[in-house]
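The values are calculated or read from the model by the stated rules, or taken from the named source; none is laboratory data. Small disclaimer: the values here were computed from a predicted structure and weren't measured. Here the Cβ positions follow ideal geometry from the backbone for every residue, glycine too, while neighbour counts run over all protein chains shown. Ligands, DNA and RNA are stripped out before the accessible areas are found, and what is left, the full protein with its side chains, is counted by its heavy atoms. Shrake-Rupley method; radii C 1.70, N 1.55, O 1.52, S 1.80 Å.
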Amino acid sequence: MRFSTGTPLKNVVSIVGCLITAALLAGCGTTTTVARGSASQVLAEAEEQKAAFLKTSWERQARLDDLAWPLLTSARDLCGEEVKPRTGLSLLAIDTIGKDYQPVARSRFGLSETPMVLHVVKDSPSEAAGLRAGDKIESIAGQPVATGKKATKKAGELLAKSIEGTQPVYMTVLRDGASITAIIKPEVVCQYPVVMVQDDSIRAFTDGDVVYISTGMYRFASEDRELQLVVAHEIAHSAEGHLDKKAINWGIGTFFDVVAAAYGVDTQNAFGKAASQAFSQDFEREADYVGMYILARADVDTTEAADFWRRMAAEFPQSIQGSYSATHPASAERWANIAAANEEILTKRQGELPLLPERKE
Ligand SMILES: [Zn+2]
């Protein structure tokens, strides 16, 4: 406290203010003797929680990769030129991990300067080649992998460079002290990687190249087939070239969401453009429709797919009616459209007809 030589009244007010504050603090303060962990316990727990974060992030991305793979494969014929030979392998070295997380990444997960197989996608060429998470990568196509700085990026680039169509790629890995050669036969799939984004809002979007799923959406769409519905919808946006068409027609590149601004998520100002409103709704309907075929082609059961929108409406009742958003069809309409698409697919299955979306003449 500091007394000034200024006006006496001001001083009095100031002193009274302090007294009142002190009294309040004493009166409203804690009254228990709080049990507190030691500083070393806090430090140890921080490491534990960092490990939990890394493990959770990697497991979620791995599950997403596993669920996306059959869709990217089944949608191949719908993706036109947007296909690439892929191996279904994710690799990682310590260089990509933030400094704070490096000690725990080393001690708990065995990360080092040498790129390691982080995940082998289920039913992918890498799985068929016998690769396993934890394998340390020694060489790709006869070239030793770089270690240390930018090791992850360099290994990724070397792998990409080594893929020539569906020609086998030889990879040497170290497992339990033994050197093993794996022969990976890449598979041509839709080229969009599906990436988890740390974001609590319930959203999914694509920029035409990559499909992004928020952690909020990951938790909301908790069942495998629900996550696949969302991923298929975003693949459909890209496969149908919605982003290009939009850019050509409106002079803007934009994001498309499953959920979007109507649910309180601000998704790029492009959604506010009245002129593009009907257009966006049509694209959303088309992505829902084509997405259903992507699911069906991957043998995902689409019978209850529409119920995703019931769950969404239960959480966000403002989405039920048509008036809530100009950019996305209402959830009630989306439910009905998806149910209709399911009927169409079932009829085709019964008639053993090709599972392809119906096109305008
Ligand atoms: Zn969409």
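A few notes on this one:
- The packing ranking, built from the mean of other Cβ atoms within 10 Å per residue, places the peptides 195-202, 66-73 in the order 66-73, 195-202, highest first.
- Scalar couplings 3J(HN,Hα) for segment 293-304, obtained by applying the Karplus form with A = 6.51, B = -1.76, C = 1.60 to θ = phi - 60°, are 5, 4, 5, 4, 5, 8, 6, 7, 5, 9, 4, 10 Hz; x denotes Gly and Pro.
- Using R0 = 56 Å, the C-beta based FRET efficiency linking LEU356 and TYR170 works out to 0.90.
- On full extension, the segment bounded by THR303 and GLU157 gains 48.5 nm, given 0.36 nm per residue less the C-alpha separation.
- Inter-part distance, segment 113-178 to segment 81-112, computed on C-alpha centroids, equals 11 Å.
- Set LYS55/LYS136; LYS50/LYS150; LYS50/LYS136; LYS50/LYS185; LYS50/LYS161 screened for pairs whose C-alpha atoms are more than 29 Å apart: LYS50/LYS185; LYS50/LYS161
- Two-site FRET efficiency, SER107 against SER179, from Cβ-Cβ distance with R₀ of 30 Å, rounded to 0.05: 0.75
- Local charge for PRO357 was computed over the other residues whose Cβ lies under 13 Å away, with Lys and Arg +1 and Asp and Glu -1, and equals -1.
- Pairwise label distance in nanometres, GLU48 with ARG311, each label 7 Å out on the Cα-Cβ vector: 3.1
- Between ASP207 and GLN318, the contour length at 0.36 nm per residue exceeds the alpha carbon distance by 37.3 nm.
- Solvent-accessible surface (1.4 angstrom probe) belonging to LYS153, in square angstrom, nearest 10: 120
- Sequence of THR152, THR166 when ordered by accessible area, the most exposed leading, probe 1.4 angstrom: THR166, THR152
- In this structure, the amide hydrogen of LEU111, modeled 1.01 Å from its nitrogen in the peptide plane, lies closer than 5 angstrom to those of ARG106, counting only residues at least 5 positions away or on a different chain.
- Gained length - ASP224 relative to VAL197, 0.36 nm times residue gap less alpha-carbon distance: 7.9 nm
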